[in-house]
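J.: The structure under discussion is supplied below as structure tokens; questions concerning it will follow.
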Amino acid sequence: MEACSDLAFRHLGLSGMDFIKTGKVKMKETMITDEIYSDYFQALLAGEKGKCIETVNGLLERGITLYDLYIHLFERSMYRVGELWEQNRISVAVEHLATAITESLLTLVYPLIFSAEHVGRKAVVACVAGEYHQLGGKMAADIFELNGWDGYFLGANTPPEDLLKLIQEKKPDILGLSLSIYFNLEYLLRVLEMVRGSFRDLPVLVGGQAFHWGGRDRVEKYPGVTLIPTLKELESFIRQAS
Ligand code: B12
């Protein structure tokens with residue numbers, strides 16, 4: 001059973017023993033101290049990309065898990081950027097700069113995610129039409145890669161007809177759809193309708209912060225569609241499907 005503490009568990013900051021002892025997933029403490037976070041956040045707002053790269057590379061050298069990095073550094077800081085933008089305490093330009101830096105930092109983890117042994121499964125992950133928030137969807141695609149899947153990430157604002165064509169071409173085992181803005185829910189429902197019409201049995205996972213405002217019942221009324229709220233839950237789902 002010690003085999004439980006395999007690559008995927010370790011990357012999530014878990015050990016097999018945590019799982020065995022408690023019977024449920026238990027997170028280790030984050031490697032990101034308040035000091036690391038506030039230095040990083042200051043550099044992010046100031047557009048000091050070099051300093052941000054240094055912080056992330058330092059954490060990767062010390063063996064930070066992908067989950068810890070994505071949630072406790074990238075997601076946390078971008079949520080804070082959103083709050084400051086909403087309160088008019090930073091400009092749109094600063095928000096754009098922070099987003100661009102964070103997107104480029106995701107590439108630093110490539111050696112970690114692409115080192116996994118391939119399991120011969122494929123996932124397509126996309127943001128629906130009208131949805132321009134793409135960081136969360138990219139992270140979801142990376143979790144597939146971390147688990148040895150090919151994760152085809154299509155990015156923001158994907159036209160539904162083109163999405164269907166790509167599904168036809170790649171024949172993925174899972175489709176992931178990301179939604180950040182609740183008022184885009186109708187676009188998502190339209191995509192689900194189209195996907196169900198053409199690919200009856202393709203499992204579809206939906207995720208993103210839009211669902212903080214509701215919508216679960218409306219997406220899960222489609223057969224084979226599951227709302228996955230967190231990357232941890234995504235990982236469990238992938239492991240079961242692998
Ligand atoms: C950057 C940003 C933008 C950028 C996005 C650029 C880009 N390249 O992505 C731009 C400038 C385009 C933008 C535009 C807008 N934005 Co904006 N934006 C943000 C901001 C600051 C950060 C987004 C982000 O990267 N978050 C970090 C990621 C990692 O978090 P995440 O998306 O939640 O993803 C996590 C989970 O949800 C999950 N997940 C996500 N997708 C998936 C998919 C699957 C399959 C799974 C399993 C899991 C999963 O995994 C991730 C890791 O945990 C947020 C603040 C915030 N709270 O996020 C506001 C925010 C989302 N934006 C907001 C708003 C209002 C807008 C605009 C309407 C503003 C406007 N008036 O024009 C437009 C809408 C554009 C559109 N139609 O999409 C609001 C939304 C509020 C609401 N009630 O819906 C927020 C919350 C800001 C705020 N505090 O008010 N935005």
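Any read-out appearing in this document is the output of simple, stated calculations on the displayed coordinates, not a laboratory observation. The structure displayed is predicted, hence computed values, not measured ones. No Cβ is skipped: glycine too gets one built from the backbone with ideal geometry, and neighbour counts run over all protein chains shown.
J.: Based on DSSP H runs of at least 4 residues, each adding -39500 (n - 2.57), what is the mean residue ellipticity at 222 nm of the chain after dividing by all its residues, to the nearest 500 deg cm²/dmol?
T.: Per the formula, -14500 deg cm²/dmol.
J.: So how strong a dipole does the chain carry about its Cα centre when Lys and Arg Cβ are +1 and Asp and Glu Cβ are -1, to the nearest 20 debye?
T.: With only Lys, Arg, Asp and Glu charged at Cβ, the dipole is about 540 debye.
J.: Choose one of 202, 135, 187: the residue whose Cα lies farthest towards the positive end of the charge dipole of the chain (beta-carbon charges +1 Lys, Arg; -1 Asp, Glu; about the Cα centre).
T.: 202
J.: Could you grab the relative contact order for the stretch 118-241? Cα pairs under 8 Å, six or more apart, rounded to a whole percent.
T.: Contact order relative to length: 27 percent.
J.: Sort 217, 39 so that the residue with the fewest other Cβ atoms within 10 Å of its own Cβ comes first and the one with the most comes last.
T.: Exposure proxy ranking, most exposed first: 217, 39.
J.: Using only the alpha-carbon atoms of the stretch 65-127 as identical scatterers, what base-10 log of I(q)/I(0) does the Debye formula give at q = 0.16, 0.22, 0.27, 0.30 Å⁻¹?
T.: Values returned for q = 0.16, 0.22, 0.27, 0.30 Å⁻¹ are -0.68, -1.00, -1.17, -1.23.
J.: Please tell me which of these pairs span more than 28 angstrom C-alpha to C-alpha: 49/122; 138/165; 51/122; 165/221; 49/138?
T.: Pairs exceeding the cut-off: 49/122; 51/122.
J.: Aspartates and glutamates near residue 170 by alpha-carbon distance under 16 Å, same-chain residues fewer than 8 away left out - which ones?
T.: Counting by Cα, and skipping residues close in sequence, residue 170 has these aspartates and glutamates nearby: 145, 150, 161, 162, 201.
J.: Taking loop as defined by DSSP and a crowding limit of 11 other beta carbons within 10 Å, which trypsin sites (Lys or Arg not before Pro) in the stretch 163-242 fit?
T.: Those satisfying the criteria are 200, 221.
J.: Over what distance in Å are the Cα centres of the stretch 72-123 and the stretch 144-207 separated?
T.: With the stretch 72-123 and the stretch 144-207 each reduced to a Cα centre, they are spaced 21 Å.
J.: Do any trypsin sites (Lys or Arg not before Pro) in the stretch 85-139 lie in a loop, going by DSSP, with at most 16 other beta-carbon atoms within 10 Å of their beta carbon, and if so which?
T.: Taking the stretch 85-139 and a limit of 16 other Cβ atoms within 10 Å, the loop trypsin sites (Lys or Arg not before Pro) found are 89.
J.: Taking the Cα-to-Cβ direction at residue 42 and at residue 170 and moving 7 Å from each Cα, how far apart do the two end points lie in nm?
T.: Computed distance between label sites residue 42 and residue 170 equals 4.1 nm.
J.: Right, something else. Which one of 226, 99, 33 has the biggest mean-square fluctuation once the chain is modelled by GNM with Cα springs under 10 Å?
T.: Fluctuation is largest for 33.
J.: Now a separate question. So what's the convex hull volume per residue for the Cα atoms of the chain, in Å³?
T.: Convex hull volume per residue, Cα atoms: 135 Å³.
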